[in-house]
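First comes the structure, then the notes that go with it.
All of the numbers you see were taken from the coordinates with simple rules; none came from a lab. Predicted, not measured: the structure shown is a model, and the values here were computed from it. Please note: Cβ atoms are built from the backbone with ideal geometry, for glycine as well, and neighbour counts cover all protein chains shown.
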Amino acid sequence: MSKIYQYMRNVHYYETDAMGIAHHSNYVRWFEEARLSFMNSIGLAYDKLEDLGIIIPVVEVNLQYLSILKFAQNLRIESAIVYFTGVRMTVQYKVFDNETDELVCTGQTKHAFVDTDFRPFALQKKYPEVYQKFEAANLHEKFI
């Protein structure tokens with residue numbers, strides 16, 4: 001199993017601004033799409049985690065824009081878990097123009113594991129099988 005997950009999509013027309021460029025706010029949404037797809041691929045569908053009472057809110061987002069994307073361009077997002085303790089997690093992302101392989105954006109999201117009352121808890125103690133899946137996907141090193 002690769003610990004770097006690839007997610008593909010096109011830039012939609014409604015995601016562009018008056019200049020025809022993908023609006024900067026979309027990258028955070030695309031990170032979420034890539035992260036949830038990654039989690040599904042390792043057997044951790046977010047809706048199933050919520051059914052268990054596991055909530056994984058974003059507590060920090062960082063992005064660096066390097067180039068632009070335009071309507072209909074095909075993009076590839078590579079994502080990887082680079083830090084995981086069972087209480088906190090960091091996911092890093094690289095966004096590429098999939099046709100040219102040009103790196104257009106890098107970023108990361110930081111997360112906490114909380115219960116339905118938004119109290120932090122240790123995933124390893126409460127849900128060891130979920131902890132093991134996250135740990136198995138952890139790259140254990142910086143990705144960007």
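Determine whether residue 63 is out of contact with any helix residue (DSSP H, G or I) (no Cβ under 9 Å at 6 or more places or on another chain), among the hydrophobic types (A, V, I, L, M, F, W, C) and surrounded by fewer than 20 Cβ atoms within 10 Å (Cβ to Cβ).
Numbers: out of contact with any helix residue (DSSP H, G or I) (no Cβ under 9 Å at 6 or more places or on another chain): no; among the hydrophobic types (A, V, I, L, M, F, W, C): yes; surrounded by fewer than 20 Cβ atoms within 10 Å (Cβ to Cβ): yes.
So residue 63 does not fit the description; no.
From the list 133, 125, 142, which one is part of a loop (DSSP other than H, G, I, E, B) and of a type in the set (Lys, Arg)?
142
Any residue in region 47-72 that is among the small types (Gly, Ala, Ser) sitting within a Cβ distance under 7 Å of a residue that is surrounded by 12 or more Cβ atoms within 10 Å (Cβ to Cβ) and not in a strand (DSSP E or B)? List the pairs, counting only those 6 or more apart or interchain.
53/115; 67/102; 72/11
To keep it simple, each residue is scored yes or no on (1) outside any loop (DSSP other than H, G, I, E, B); (2) farther than 23 Å from residue 143 by Cα.
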| position | (1), (2) |
| --- | --- |
| 8 | yes, no |
| 18 | no, yes |
| 24 | no, no |
| 28 | yes, no |
| 31 | yes, no |
| 34 | yes, no |
| 37 | yes, no |
| 44 | no, no |
| 48 | yes, yes |
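Return yes when residue 135 is in contact with a Lys or Arg (Cβ under 6 Å, 6 or more places away or on another chain), touching a residue at least 40 places away in the same chain (Cβ under 8 Å) and surrounded by fewer than 18 Cβ atoms within 10 Å (Cβ to Cβ) and no when it is not. Give the steps one after another, and end with the answer.
Working: in contact with a Lys or Arg (Cβ under 6 Å, 6 or more places away or on another chain): no; touching a residue at least 40 places away in the same chain (Cβ under 8 Å): yes; surrounded by fewer than 18 Cβ atoms within 10 Å (Cβ to Cβ): yes.
Spelling it out, it is not the case that residue 135 is in contact with a Lys or Arg (Cβ under 6 Å, 6 or more places away or on another chain), touching a residue at least 40 places away in the same chain (Cβ under 8 Å) and surrounded by fewer than 18 Cβ atoms within 10 Å (Cβ to Cβ).
Quickly run through region 74-100 and pick out the residues that are among the polar types (S, T, N, Q) and touching a helix residue (DSSP H, G or I) at 6+ places or on another chain (Cβ under 7 Å).
Of the residues in region 74-100, the ones among the polar types (S, T, N, Q) are 74, 79, 85, 90, 92, 98, 100.
Within region 74-100, just 79 meets the criteria.
How many residues does region 1-19 hold that are within 18 Å of residue 98 (Cα to Cα) and either surrounded by fewer than 14 Cβ atoms within 10 Å (Cβ to Cβ) or hydrophobic (A, V, I, L, M, F, W, C) (or both)?
6
State yes or no: is residue 60 over 19 Å from the mean Cα position of the chain (by Cα) and either within 30 Å of residue 23 (Cα to Cα) or among the hydroxyl-bearing types (Ser, Thr, Tyr) (or both)?
Working: over 19 Å from the mean Cα position of the chain (by Cα): no; either within 30 Å of residue 23 (Cα to Cα) or among the hydroxyl-bearing types (Ser, Thr, Tyr) (or both): yes.
Judged against the criteria, residue 60 is not a match.
Kindly indicate whether any position in region 90-110 is touching a Leu at 6+ places or on another chain (Cβ under 8 Å), over 27 Å from residue 14 (Cα atoms) and either touching a residue at least 60 places away in the same chain (Cβ under 8 Å) or not in a helix (DSSP H, G or I) (or both).
Taking every residue of region 90-110 in turn, none turns out to be touching a Leu at 6+ places or on another chain (Cβ under 8 Å), over 27 Å from residue 14 (Cα atoms) and either touching a residue at least 60 places away in the same chain (Cβ under 8 Å) or not in a helix (DSSP H, G or I) (or both).
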